[in-house]
Amino acid sequence: MFSVNDKKQIESRGSELHTVLSQIENFKSGFPYLQIIDAATVGNGIIRLSENDLEKAIKLYEERILHGIRPLKFVPASGAASRMFKDLYEALELFGKSVSGGEILQTNKGAKQYIEGFEKFAFTADLKSLIEKNGSELSDKNKIDFLLSEKGLNYGSLPKGLLKFHKYEVGERTPFEEHLVEGAAYAKDHNGKVRLLFTVSPEHQSGFENLLSSIKEHYEEELDITLEIAFSQQKPSTDTIAVDLNNEPFRENDGSLLFRPAGHGALIENLNDLNADVIFIKNIDNVVPDRLKKPTVDYKKALAGILLKHQEKLFFYQKELNEKHPVALDSAFLAAASAFLENTLNTKPESNQYYTEKEELYHYLKEKYNRPLRVCGMVKNEGEPGGGPFWAKNSDGTVSLQVVESSQIDPTSVQQQNMAKHATHFNPVDLVCAIKNYKGEKYNLTEFTDPVTGFISKKSKDGKELKAQELPGLWNGAMSNWNTLFVEVPIETFNPVKTVNDLLREQHLG
């Protein structure tokens with residue numbers, strides 16, 4: 001299948017031949033659907049915090065910060081924001097065909113909403129200035145054209161993190177800046193240092209670095225902090241091979257193999273490179289102005305407090321299981337460890353497997369306790385049920401809490417689809433992670449993924465159809481073998497910007 005040059009190309013990317021061959025097998029066989037057992041709900045896998053619970057969890061986290069734990073915030077920020085402007089691109093294409101503006105706005109609701117709300121955007125002043133400098137009129141077409149194209153703000157080619165989202169009395173802020181301010185509120189260590197890592201695309205990194213150099217001193221002084229900001233990129237070795245519709249390697253015009261970025265699941269490698277006691281994960285576009293930050297800050301601290309509280313007990317069992325011979329562990333200890341794993345860490349043994357043999361139970365518990373820990377915020381679903389928190393069956397027969405995407409659930413199974421419809425919550429990508437064991441040693445996070453939870457999609461290149469493969473997602477398949485807790489968080493903490501007009505929602509206006 002592969003020539004000498006192919007093998008050299010694979011090696012030069014840091015990839016391994018057997019990995020590429022297994023990816024091709026995945027194209028041929030497809031990925032199995034995940035078997036969900038039940039929707040996770042409040043009282044059945046999802047923790048709901050009372051006001052008292054919230055305060056205690058926040059206090060615990062703040063006390064542990066004073067005692068020297070090191071937090072870090074991890075923000076996936078790769079990719080261009082072009083999907084935000086789908087309606088505007090369609091309108092611009094019609095303008096290019098000399099269709100009248102009135103007719104376009106009548107049929108294109110997204111473009112109409114953008115034009116009607118034009119004065120409210122945080123980038124409007126910049127856009128007007130550029131149109132004026134160009135000597136052009138402030139027409140509906142130019143309001144769109146100068147927003148998207150290189151002659152204007154070029155927002156169609158920039159990442160979301162560098163777009164102006166929010167207006168303040170003293171200026172505007174990008175999501176990148178909002179994450180710095182938010183991070184200062186809950187990810188500051190006892191020395192006043194705030195550490196953040198942004199994963200960015202290679203072509204955008206200089207833009208983030210330039211913005212950081214222009215604002216760093218201002219925010220450090222205003223917030224009385226020291227910022228330690230790092231950028232990383234998805235590793236070429238995590239890219240997956242593309243194939244044609246016959247599952248043969250897709251080749252570029254020069255005969256070389258085509259590799260494609262493997263989705264956010266590849267970021268488990270970036271997460272694996274970090275060293276911190278508590279890691280907060282949040283998407284780049286889920287930010288709000290300062291006046292609305294308090295619920296987010298409170299619940300981030302609370303999620304971290306819950307993580308640390310349960311980690312203490314987890315470490316106790318982990319230490320005993322790792323340092324004592326099974327003979328030295330009595331039945332009462334093993335029963336307590338089993339109950340904590342099943343009822344608190346939400347991992348249930350294989351059906352009808354009660355581990356009557358002490359040695360067998362010991363090895364089962366030792367394996368399940370020696371895993372990273374995550375606490376995931378879950379938002380009440382106020383719309384149609386989709387991907388979110390479920391009890392699911394794992395490849396080893398155990399049942400545990402998993403974040404499940406809609407595409408992972410068998411669309412032909414009435415039973416599975418009925419379970420999906422009973423989901424009460426969805427996943428807002430609000431995670432707090434602990435990636436070390438009781439000795440302070442880091443886990444190798446790549447050992448805790450489920451490789452069969454990938455995804456295959458159809459794309460095209462140079463007019464030819466191809467199939468692409470994504471690695472198991474960062475917060476589902478890439479973390480499927482972590483110990484997991486789900487906590488309900490308020491809808492106020494979830495304010496993503498998927499289209500430009502989301503910036504006209506009350507939550508994003510100054």
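Remarks
- Wholly within segment 441-504, strands (runs of 3 or more DSSP E) carrying at least 1 residues that are at negative phi, crowded, with 23+ Cβ neighbours inside 10 Å and modelled with pLDDT of 95 or more: 483-489
- Across segment 77-85, a minimum of one residue is classified as part of a strand (DSSP E or B) and touching a residue at least 12 places away in the same chain (Cβ under 8 Å).
- All positions within segment 185-195 that are assigned to a loop (DSSP other than H, G, I, E, B), more than 13 Å from Phe74 (Cβ to Cβ) and in contact (Cβ under 8 Å) with a residue 40 or more places away in the chain: Asp189, His190
- Only one of the listed residues (Val243, Val181) is closer than 30 Å to Phe27 by Cα, at pLDDT 95 or above and surrounded by 15 or more Cβ atoms within 10 Å (Cβ to Cβ). That residue is Val243.
- Filtered residues of segment 43-92 (kept if among the aliphatic types (A, V, I, L, M) and touching a Lys or Arg at 6+ places or on another chain (Cβ under 8 Å)): Ala57, Ile58, Leu60, Ile65, Leu72, Val75, Ala77, Ala81, Met84, Leu92
- Scanning segment 220-229 for residues that are within 25 Å of Leu271 (Cβ to Cβ) and either in contact with a Pro (Cβ under 8 Å, 6 or more places away or on another chain) or surrounded by 13 or more Cβ atoms within 10 Å (Cβ to Cβ) (or both) yields Ile225, Thr226, Leu227, Ile229.
- Within segment 196-223, residues that are free of Cβ contacts under 8 Å to residues at least 12 places away in the same chain reach partners that are of a type in the set (Val, Ile, Thr) with beta carbons closer than 7 Å, at six or more positions or on different chains, in the pairs Glu220/Thr226.
- So Gln469, is it free of Cβ contacts under 8 Å to residues at least 60 places away in the same chain, farther than 30 Å from Glu312 by Cβ and not aliphatic (A, V, I, L, M): no
- Test: residue in segment 321-330 that is more than 26 Å from Val375 (Cα to Cα), of a type outside the set (Val, Ile, Thr), outside any loop (DSSP other than H, G, I, E, B) and at pLDDT 95 or above: yes
- Residue ID - farthest from Ser78 (Cα to Cα), chosen from residues in segment 228-266 that are polar (S, T, N, Q) and in a loop (DSSP other than H, G, I, E, B): Asn246
- In segment 294-329, the residue that is surrounded by the fewest Cβ atoms within 10 Å (Cβ to Cβ) out of those that are among the basic types (Lys, Arg) and within 26 Å of the chain's Cα centre (by Cα) is Lys294.
- When every residue of segment 105-120 is checked against the conditions, at least one turns out to be surrounded by 21 or more Cβ atoms within 10 Å (Cβ to Cβ), in a helix (DSSP H, G or I), of a type in the set (A, V, I, L, M) and at pLDDT 95 or above.
- Qualifying positions in segment 408-430 - under 21 Å from Trp482 (Cβ atoms) and either surrounded by fewer than 22 Cβ atoms within 10 Å (Cβ to Cβ) or not aliphatic (A, V, I, L, M) (or both): Gln408, Ile409, His425, Phe426, Asn427, Pro428, Val429, Asp430
- Taking segment 121-134 as the range and being of a type in the set (S, T, N, Q) and part of a helix (DSSP H, G or I) as the test, the residues that pass are Thr124, Ser129.
- Criterion violated by Leu274 - all others in (1) in contact with a Phe, Trp or Tyr (Cβ under 8 Å, 6 or more places away or on another chain); (2) part of a helix (DSSP H, G or I); (3) surrounded by fewer than 21 Cβ atoms within 10 Å (Cβ to Cβ) satisfied: (2)
- Residues of segment 253-277 that are in contact with a Lys or Arg (Cβ under 9 Å, 6 or more places away or on another chain) and closer than 15 Å to Ser12 by Cβ: Leu257, Leu258, Phe259.
- Check on Ile215, surrounded by 14 or more Cβ atoms within 10 Å (Cβ to Cβ), within 25 Å of Leu373 (Cα to Cα) and at pLDDT 95 or above: no
- When Phe280 is tested against (1) outside the structural domain of Glu470 (by TED's automatic domain parsing); (2) in a helix (DSSP H, G or I); (3) aromatic (Phe, Trp, Tyr); (4) buried (at least 20 other Cβ atoms within 10 Å of the Cβ), exactly one condition is not met: (2).
- Residue tally, condition assigned to a loop (DSSP other than H, G, I, E, B) and surrounded by fewer than 16 Cβ atoms within 10 Å (Cβ to Cβ), over segment 45-70: 4
- Listed by first and then second residue, the pairs with beta-carbon distance under 6 Å, at least 6 apart or on different chains, first residue in segment 447-462 and within 12 Å of Phe250 (Cβ to Cβ), second part of a strand (DSSP E or B) and among the small types (Gly, Ala, Ser), are Lys459/Ala468.
- Segment 407-440, residues that are in a loop (DSSP other than H, G, I, E, B) and over 18 Å from the mean Cα position of the chain (by Cα): Ile409, Asp410, Pro411, Thr412, Ser413, His422, Ala423, Thr424, Asn437, Tyr438, Lys439, Gly440
The values are calculated or read from the model by the stated rules, or taken from the named source; none is laboratory data. Since this is a predicted model, take the numbers as computed values, not measurements. Methodologically, a virtual Cβ is constructed for each residue, glycine included, from the backbone with ideal geometry; neighbour enumeration extends over all protein chains shown.
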